[in-house]
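Structure first, commentary second.
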Amino acid sequence: MAVTRHSDAVAPVRSAGPVTIWLSRHTATAAASFGRLVRQPFASLMIILVIAVTLALPAAMNLVIKNFAAISGSWDDALDFSVFLDTGLTVSEAEGIARLIGQRADVADVQLITADAALVEFKQQSGFGDALDHLSQNPLPHTLVVRPSPANTAQSMILLREELTSLPETDIVQVDTEWVQRFHAILEIMQRAILIGAGLLGLAIIVVIGNTIRLEIQNRRDEIEVTKLIGASNAFVRRPFLWSGFWFGLFGSLLALGLVQYGLYLLQPTVARLAGLYQSGLTVLTLDLRDSLSIIGIGVVLGLVGSWFAAARHMRAIEPK
Amino acid sequence: MIQLDNVTKQFPGGHEALSGLTVSIDKGEMVFVTGHSGAGKSTLLKLIALIERPTSGQVLVDGQNTGQVRRRKIPKYRRQIGMVFQDHKLLYDRPVADNVALPLIIAGVGHREASRRVRAALDQVGLLRKEKQNPQTLSAGEQQRVGIARAIVTRPKLLIADEPTGNLDPDLSLEVMRIFRRFNEVGVTLLIASHDIALIDKLGCRRIELEDGRLQQPGHDEFVEDYTEVPLPQGGLDQWR
């Protein structure tokens with residue numbers, strides 16, 4: 001290696017690059033702000049707890065909605081069409097239609113419930129058994145229970161329904177989607193309500209952090225005055241307070257995640273029992289990485305915004321006299 | 001270095017702290033501003049530090065018209081001036097070294113360079129051994145020397161001091177003034193507000209005497225004491241420069 005190097009003894013003491021200095025100053029400020037947080041553990045914990053609860057509430061509610069949406073989503077897939085055929089048709093004619101429909105690509109399965117079978121079932125279940133015995137003929141039609149293939153989109157479902165309706169042998173096609181749609185609408189309203197609530201709670205976090213930072217600024221008034229007197233810019237003076245806001249937001253959101261996860265843990269046995277009752281693989285959706293990161297991100301941003309407002313508002317007022 | 005042209009400062013309420021003051025201080029001078037309380041000493045220093053703005057007239061510092069320094073540029077402007085205060089204005093939540101390092105941190109000087117300069121500055125005021133102590137554990141005179149170290153750590157061309165010996169007994173006052181004198185010897189311009197005329201006479205510097213915001217009589221007293229006899233710190237001033 002033909003590279004000559006100045007020995008440290010000869011080379012003048014060079015200051016590091018501006019970026020390095022900027023970074024190291026930020027690290028130092030961040031550490032100092034963290035230190036102040038730790039030195040007042042009780043006060044800090046109170047604020048962090050307030051932020052955590054405020055963040056955890058909408059996060060948990062959102063999770064509940066997501067779970068409902070997931071469950072109702074599986075209902076969507078299981079929607080069957082009930083195709084009531086014209087009453088005059090014979091069983092073999094009905095079987096022919098069933099076969100025909102069963103061959104369609106967008107149909108997964110067709111099940112024929114003959115008029116007689118339907119009557120027997122109806123007699124058993126409705127409690128009108130005796131009354132029905134007096135009927136001279138079976139008033140019930142043959143019914144096809146058509147299960148659409150899972151590949152269907154909302155569009156092709158509508159098309160399938162129209163085509164089933166337009167068959168000459170079809171009397172009525174019934175789809176019990178209305179209550180599912182209503183349920184979806186309710187979920188959407190709740191989701192919006194949670195969004196509005198979350199917005200208000202976010203505002204509350206900004207106020208809480210802003211107020212905390214305001215008090216901190218008041219407490220360190222002399223220090224701010226002195227540093228300004230010897231040439232500190234507003235940005236320099238603001239920095240430690242922004243870091244305080246950052247830490248509050250970060251720890252608040254981490255604790256919020258902990259609270260939500262603990263809540264899920266408490267719910268787990270109950271859900272398992274419910275799943276057992278339904279004999280289904282019902283599992284609770286937990287916070288995934290994206291959710292967790294967005295909660296942390298929101299917490300940090302709210303912390304920074306709160307401290308920024310407080311710093312911008314109160315820093316200008318402190319000028320050396 | 002400092003040029004005041006017909007400067008008037010009127011405070012809200014009508015009190016006129018300075019009335020048509022014209023003063024000139026050359027580079028490398030060590031000048032005292034004297035006068036009774038309320039004569040306008042502090043106001044004069046505040047105008048130079050841009051803590052206050054003149055109602056009328058011009059203040060030039062190192063060729064710079066302070067009237068043209070905009071609000072956002074004030075921090076940068078202040079960084080070229082060393083300031084010493086009567087009440088030290090130290091921060092008691094951190095050790096001596098960190099107090100002295102503050103102007104360097106503000107100026108964005110790297111850590112290694114900063115600690116080197118802090119030690120040099122503390123050496124200048126004879127407090128190198130106390131760099132890790134909290135200022136509260138120091139005597140008033142030592143605290144003031146920390147304040148001086150902080151003021152000179154950025155090697156400003158101009159140092160202004162408002163009653164730097166106001167809280168000190170005569171011996172400590174003289175010590176502080178000798179430190180100032182040494183900085184003056186290496187080319188720092190000093191403007192010191194004080195009412196300790198006996199002490200100023202000992203040093204034999206030019207005096208600007210204010211009364212009710214006006215110039216009383218500029219005087220240049222003879223040297224009474226040979227300050228050059230004050231021993232320099234080890235390594236001399238070259239080490240600091």
Qualifying residue in segment B:118-128 (condition: within 15 Å of the chain's Cα centre (by Cα) and within 18 Å of B:Glu29 (Cβ to Cβ)): no
Selected residue (criterion: nearest to A:His142 (Cα to Cα)) from residues of segment A:92-112 that are in contact with a helix residue (DSSP H, G or I) (Cβ under 8 Å, 6 or more places away or on another chain) and of a type in the set (Val, Ile, Thr): A:Val110
Condition check for A:Leu287: away from chain B (no Cβ under 14 Å) and part of a helix (DSSP H, G or I): no
Count - residues of segment B:91-100 that are more than 7 Å from every other protein chain (Cβ to nearest Cβ) and either charged (D, E, K, R) or surrounded by fewer than 23 Cβ atoms within 10 Å (Cβ to Cβ) (or both): 6
Only listed residue being exposed (fewer than 15 other Cβ atoms within 10 Å of the Cβ) and at pLDDT 85 or above, chosen from A:Gly96, A:Gly73, A:Gly102: A:Gly96
Some residue of segment A:96-107 being part of a helix (DSSP H, G or I), under 30 Å from A:Gln261 (Cα atoms) and either assigned by TED's automatic domain parsing to the domain that holds A:Ile205 or within 45 Å of the chain's Cα centre (by Cα) (or both): no
Check on B:Ile148, among the β-branched types (Val, Ile, Thr), within 14 Å of another protein chain (Cβ to nearest Cβ) and in contact (Cβ under 8 Å) with a residue 12 or more places away in the chain: yes
Pair list, Cβ < 8 Å and 6+ apart or interchain, from segment B:85-101 residues that are of a type in the set (S, T, N, Q) to residues that are not in a helix (DSSP H, G or I): B:Gln86/B:Asp162; B:Gln86/B:Glu163; B:Gln86/B:Pro164; B:Gln86/B:Gly166; B:Gln86/B:Asn167; B:Asn99/B:Leu90; B:Asn99/B:Leu91
Single condition B:Pro12 does not satisfy, out of (1) over 30 Å from B:Ala114 (Cβ atoms); (2) surrounded by 15 or more Cβ atoms within 10 Å (Cβ to Cβ); (3) within 14 Å of chain A (Cβ to nearest Cβ); (4) of a type outside the set (S, T, N, Q): (2)
Members of segment A:207-244 that are over 19 Å from A:Ser24 (Cα atoms) and either small (Gly, Ala, Ser) or in contact with a strand residue (DSSP E or B) (Cβ under 7 Å, 6 or more places away or on another chain) (or both): A:Gly210, A:Leu229, A:Ile230, A:Gly231
The one condition in (1) within 14 Å of chain B (Cβ to nearest Cβ); (2) surrounded by fewer than 16 Cβ atoms within 10 Å (Cβ to Cβ); (3) within 36 Å of the chain's Cα centre (by Cα); (4) not aliphatic (A, V, I, L, M) that A:Glu188 fails to fulfil: (1)
Hits in segment B:70-91 - residues which are farther than 23 Å from B:Asn184 by Cα, at pLDDT below 90 and in contact with a helix residue (DSSP H, G or I) (Cβ under 9 Å, 6 or more places away or on another chain): B:Arg72
Flag if B:Arg112 is within 11 Å of chain A (Cβ to nearest Cβ) and in contact with a Ser or Thr (Cβ under 9 Å, 6 or more places away or on another chain): yes
Qualifying residue in segment A:206-219 (condition: over 30 Å from B:Arg155 (Cβ atoms), within 14 Å of chain B (Cβ to nearest Cβ) and charged (D, E, K, R)): yes
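The values are calculated or read from the model by the stated rules, or taken from the named source; none is laboratory data. Computed from a prediction, not measured in an experiment: that's the story for all the values here. We place every Cβ from the backbone using ideal geometry, glycine too, and count neighbours over all the protein chains shown.
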